[in-house]
1. Listed highest first by mean packing, meaning other Cβ atoms within 10 Å per residue, what order do 174-187, 97-110 come in?
2. If R₀ is 35 angstrom, what is the calculated FRET efficiency for the pair ILE147 and TYR200, using the beta carbon separation as r and rounding to 0.05?
3. Order 64-76, 115-127 from most to least packed using the mean count of other Cβ atoms within 10 Å.
4. Among the listed pairs LYS73/LYS169; LYS78/LYS194; LYS41/LYS73, give every one whose C-alpha distance is greater than 30 Å.
5. Hey, if you put +1 on the Cβ of every Lys and Arg and -1 on every Asp and Glu Cβ in region 101-152, which of PHE108, TYR142, HIS120 ends up farthest toward the positive end of that dipole?
Amino acid sequence: MEQEYSAKLDDKLNQLHSLRHDMKNHLIVIDGYASQHNDKKIHEYIHNICEDLSLTNAVDSGSHIVSALIAEKENKAKLQNIRCEINISIPGINIDDFSITTIIGNLFDNAIKAAAECEHGWIRFSLTQTGSYMNIVIENSYSGNIIENNGEFTSTKNDNVLPHGIGIKNVRKVVSNLNGQIDFSYASGYFSVKAELPNYS
């Protein structure tokens, strides 16, 4: 996954270099269409340029592995028509790869499974830093009602364990081992997980 993400970033960088090299020619073409008042051609030309740049979204978390993981989960969600909002503003990640992958991977997978059951599914993910603590927040839509029992979540929609219940024990254990905290909250059609982890070198 990391290698695939790295390859996509390399392709993206090559595209940017190519576009910058040819930008003068592109502007000449657009100016020509403008002098002809050909708005349709201008829109088509700009659209083609934008398509060339849409190979991948650059995710910069300070960790190549975490960036690759988030990019892969975002792509997985979008393939299921789930609207994603990703906000990453963190100077660096000083948590071991196994732990952070367990936390983000499980929470994101659970959010995708829940949002996929909604007509207009959505996910909001943020990774930020406050002082010496990392804040992971993932919110998503879900369909049905939730019943919580001993930290596990059951949906009345299908009488099965809500997708958020899968892997939650592993997440709780890792967060505890890192001396962090994790909280779950929910309302009608809305589920939220917030984790706070020590993140200092």
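1. On the way: 174-187: 14.2, 97-110: 19.4.
Going from most to least packed, we get 97-110, 174-187.
2. Details: r = 38 Å, r/R0 = 1.09.
The calculated FRET efficiency here is 0.35.
3. Top to bottom by mean Cβ count within 10 Å: 64-76, 115-127.
4. Values: LYS73/LYS169 20 Å; LYS78/LYS194 22 Å; LYS41/LYS73 36 Å.
Pairs exceeding the cut-off: LYS41/LYS73.
5. PHE108
Bear in mind that the values in this text are calculations on the coordinates, not laboratory data. Bear in mind the structure is a predicted one, so any value in this text is a computation, not a measurement. Because the Cβ atoms are built from the backbone with ideal geometry, glycine has one as well, and the counts that use them run over all protein chains shown.
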